[in-house]
Amino acid sequence: MTTLRPFTCDDLFKYNNVNFDPLTETYGLSFYTQYLAKWPEYFQLAESPSGHIMGYIMGKVEGHMDNWHGHVTALTVSPDYRRLGLAGLLMNFLEDISEKKRAYFVDLFVRKSNKVAINMYKNLGYIIYRTILEYYWGEQDEDAYDMRKALSRDVNKESVIPYTQPVRLEDIDMN
């Protein structure tokens, strides 16, 4: 039986087994604590009956007017617990919180090369909204897909009309 519960400061010392995945973005402790302080309802953890961290989701709500939206900052599931539907469970949780906050949509960024995640998000109802050139930096910069899913407040689904041309990070409003 999996338990979903709020992520706590103590969990910051126990989640390494989940963050070792090379496709998981790992941030500094101050970044995680900022999210815990500002958007605690968007930071959830999946825990096994034995107390092992199975995965977590970290997000926020941001924007203004019809750009008011939930954002998935990080979603990861430990390799030992993949293909059990945990990512979908965590995404549903974040979408429900965003609905309660009266958001128009939920968005996230994913590496173009991460086909497994892209397919999972598509199966959850997300579309590729736009390509952001060189979003991920590293030994080799990589483009990202900005994926979105309209929520019930966006009756006409205007938030998910895709861009046809790639954009650069500096050219978009991230709020």
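Are any residues in the range 135-160 in contact (Cβ under 8 Å) with a residue 12 or more places away in the chain and loosely packed, with under 14 Cβ neighbours inside 10 Å, and if so, which ones?
We begin by selecting, within the range 135-160, every residue in contact (Cβ under 8 Å) with a residue 12 or more places away in the chain; these are 135-136, 142-154, 158-160.
Those that are in contact (Cβ under 8 Å) with a residue 12 or more places away in the chain and loosely packed, with under 14 Cβ neighbours inside 10 Å: SER152, GLU158.
With a requirement of 2 or more residues that are of a type in the set (Ser, Thr, Tyr) and more than 27 Å from GLU41 (Cβ to Cβ), the strands (runs of 3 or more DSSP E) lying completely within the range 99-175 that satisfy it span 127-136. Every condition in (1) outside any helix (DSSP H, G or I); (2) exposed (fewer than 12 other Cβ atoms within 10 Å of the Cβ); (3) of a type in the set (D, E, K, R) holds for LYS60 except the one numbered (2). Within the range 1-40, can you find the residues that are open to solvent by less than 80 Å² (accessible area, probe 1.4 Å), part of a helix (DSSP H, G or I) and either within 17 Å of LEU84 (Cβ to Cβ) or among the polar types (S, T, N, Q) (or both)? Answer for the range 1-40, where residues must be open to solvent by less than 80 Å² (accessible area, probe 1.4 Å), part of a helix (DSSP H, G or I) and either within 17 Å of LEU84 (Cβ to Cβ) or among the polar types (S, T, N, Q) (or both): ASN17, VAL18, ASN19, THR33. Just one of (1) touching a residue at least 24 places away in the same chain (Cβ under 8 Å); (2) open to solvent by 50 Å² or more (accessible area, probe 1.4 Å); (3) among the basic types (Lys, Arg) trips up LYS115, so point out which. Unmet for LYS115, out of (1) touching a residue at least 24 places away in the same chain (Cβ under 8 Å); (2) open to solvent by 50 Å² or more (accessible area, probe 1.4 Å); (3) among the basic types (Lys, Arg): (1). Condition (residue is part of a strand (DSSP E or B), open to solvent by 10 Å² or more (accessible area, probe 1.4 Å) and in contact with a Pro (Cβ under 7 Å, 6 or more places away or on another chain)) applied to the range 41-54: is it met by at least one residue? Yes, because at least one residue in the range 41-54 is part of a strand (DSSP E or B), open to solvent by 10 Å² or more (accessible area, probe 1.4 Å) and in contact with a Pro (Cβ under 7 Å, 6 or more places away or on another chain).
The values are calculated or read from the model by the stated rules, or taken from the named source; none is laboratory data. Given the structure is predicted, the values throughout are model-derived calculations rather than measurements. Neighbour counts run over all protein chains shown; Cβ positions are idealised from the backbone, glycine included. Just the protein is used for accessible areas: all its heavy atoms, side chains included, with ligands, DNA and RNA removed. Shrake-Rupley method; radii C 1.70, N 1.55, O 1.52, S 1.80 Å.
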